[in-house]
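A short worksheet on the structure shown next.
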Amino acid sequence: MTEHPRIVSLIASATEIVCALGFEEQLVGRSHECDYPTSVKRLPQCTSPKFDVDGSSYEIDQRVKAIVEGALSVYRVDAGLLEELKPTHIVTQTQCDVCAVSLRDVEQAVCEFTSTRPEIVSLEPNSLSDIWADMRRVGAALGATERAELEIERLQNRMNSIALRSRAMSGRPSLAYIEWIEPLMAGGNWMPELVEMAGGSNVFGEAGKHSPWMSWEELVQADPEIIFVSPCGFDIDRTMEEMHLLSDRPEWKVLRAVRNQRVYVADGNQYFNRPGPRVVESLEILAEVIHPRMFRFGHEGSGWKGYQF
């Protein structure tokens with residue numbers, strides 16, 4: 001390990017991993033999305049989006065698609081600031097070019113460096129097991145392999161305890177996880193695994209695969225018992241502002257989850273879309289929603305809310 005590492009994290013989940021492993025004081029830079037723990041907000045921002053992040057989910061989708069179709073990067077990396085910070089390690093990702101700064105972006109920025117050659121640690125969390133692998137990768141890069149294993153074991157024990165209790169439940173309600181509102185997208189990657197561990201039956205999306213688009217016809221045909229809305233990058237309030245895009249549809253009222261008032265909105269930005277240590281809290285939220293009589297971790301109101309009809 002570098003004796004005095006200087007770490008720049010360019011993805012929010014990686015920042016949480018670095019802090020969980022005890023290296024917060026060695027962080028010298030962050031991305032524009034890194035905001036937890038809140039103390040990291042003191043660090044300089046090394047990235048920015050090339051699109052206007054305000055507006056509806058449809059408008060954001062169109063802006064991002066226009067950039068991607070032009071074979072351009074969605075985010076800017078401030079190469080000058082990075083060189084000023086002189087990092088020994090830069091943590092980035094290759095999982096999704098739309099969600100965060102990509103490995104390509106970072107490599108291009110580092111090519112402009114003249115004084116240092118930092119180690120680039122690239123994460124690729126496509127499934128739950130990949131999240132643990134990424135924590136090990138960060139731990140190894142920072143010379144904290146044993147510390148990473150202990151943290152992974154602690155988190156897995158918490159999750160396994162929930163899964164064990166949920167398996168004892170008699171029913172497994174069907175759940176549709178909505179990761180984007182307009183157009184409709186279901187939850188993929190680690191989301192289906194979390195739903196199953198929480199005692200639900202996942203309707204759309206496959207574990208380990210990218211989140212799939214879905215149609216209203218498919219949603220109506222599946223007619224899930226629970227609809228769980230947690231758009232990528234949106235908090236609860238912002239999602240609530242867009243729920244009318246679902247409830248205004250004529251098909252909405254016929255859905256079983258709507259009739260039985262089992263529609264829930266969760267903070268996707270802070271929890272579900274961050275493949276790091278708080279994947280445990282994400283599982284707790286799902287468990288509270290799916291089996292409210294069995295699980296109560298105290299996330300209602302902050303991590304999730306029932307949608308008021």
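Pick out which of VAL195, VAL220, VAL258 has the largest mean-square fluctuation in a Gaussian network model of the chain, springs linking Cα atoms closer than 10 Å.
VAL220
Per residue, how much accessible surface does the range 259-309 expose to a 1.4 Å probe? Answer in Å², no decimals.
For the range 259-309, the per-residue accessible area is 42 Å².
Classify the range 234-287 as rounded, prolate or oblate, taking a ≥ b ≥ c as the square roots of the eigenvalues of its Cα gyration tensor: rounded when a/c is under 1.5, otherwise prolate if a/b is larger than b/c and oblate if not.
It is oblate, given that a/c is not under 1.5 and a/b is not larger than b/c.
Mind jotting down the distance between the C-alpha centroids of the range 250-309 and the range 186-242, whole Å?
10
Using only helices, what value at 222 nm comes out for the chain when you add -39,500 (n - 2.57) per DSSP H run of length 4 or more and divide by the total residues, to the nearest 500 deg cm²/dmol?
-11000 deg cm²/dmol
Under the rule a/c < 1.5 gives rounded, and otherwise a/b versus b/c splits prolate from oblate, where does the range 1-44 land using the Cα gyration tensor?
Prolate, since a/c reaches 1.5 and a/b exceeds b/c.
Assign one of three labels to the range 156-259, namely rounded, prolate or oblate, based on the Cα gyration tensor with a ≥ b ≥ c the square roots of its eigenvalues; rounded applies when a/c is under 1.5, prolate when it is not and a/b is larger than b/c, and oblate otherwise.
Prolate, since a/c reaches 1.5 and a/b exceeds b/c.
Going toward the positive end of the dipole of the chain, with +1 on Lys and Arg Cβ and -1 on Asp and Glu Cβ, which of ILE227, ALA140, SER211 do you reach last?
ILE227
Report which label in (i) 52, 44, 40; (ii) 58, 46, 38; (iii) 62, 43, 29 holds the value of Cα extents along the principal axes in Å derived from the coordinates of this structure.
Among (i) 52, 44, 40; (ii) 58, 46, 38; (iii) 62, 43, 29, the one derived from this structure is (iii).
What number comes out for the charge environment of GLU193, summing +1 per Lys or Arg and -1 per Asp or Glu over other residues with Cβ under 11 Å away?
Every neighbour counted, the sum reads -3.
List nothing, just return the count: lysine pairs in the chain, 8 or more apart or interchain, with Cα separation under 26 Å.
Pairs that pass both the separation and distance tests number 6.
I need the calculated FRET efficiency for the pair SER170 and HIS244, taking r as the beta carbon distance and R₀ as 30 Å, to the nearest 0.05.
Calculated transfer efficiency: 0.25.
Please turn the phi angles of the range 82-90 into ³J(HN,Hα) values with the Karplus equation 6.51 cos²θ - 1.76 cosθ + 1.60 (θ = phi - 60°), one per residue in order, whole Hz, x for glycine and proline.
Residue by residue, the range 82-90 yields 4, 5, 4, 6, 6, x, 8, 9, 10 Hz.
Give me the number: length gained by fully extending TYR58 to SER201, i.e. 0.36 nm times residue separation minus the C-alpha to C-alpha distance, one decimal in nm.
Stretched fully, the TYR58-SER201 segment lengthens by 48.7 nm.
Could you work out what % of the accessible surface of the chain is carbon and sulfur, using a 1.4 angstrom probe and leaving DNA, RNA and ligands out of the count?
48
What do the square roots of 5 times the Cα gyration tensor eigenvalues come to for the range 199-298, in whole Å, largest first, as semi-axes of the equivalent ellipsoid?
That gives 22, 16, 15 Å for the three semi-axes.
Once the piece of chain linking LYS50 and GLU153 is laid out straight, how much longer is it, given 0.36 nm per residue of separation minus the C-alpha distance between them?
Here the answer is 33.2 nm.
Where Lys and Arg each count +1 and Asp and Glu each count -1, what net charge lies around GLY208 among other residues with Cβ under 12 Å from its Cβ?
So the surrounding residues net to -3.
The values are calculated or read from the model by the stated rules, or taken from the named source; none is laboratory data. From a predicted model like this one, the values you see are computed outputs, not experimental measurements. We place every Cβ from the backbone using ideal geometry, glycine too, and count neighbours over all the protein chains shown. Surface accessibility is based on the protein's heavy atoms, side chains included, excluding ligands, DNA and RNA. Shrake-Rupley method; radii C 1.70, N 1.55, O 1.52, S 1.80 Å.
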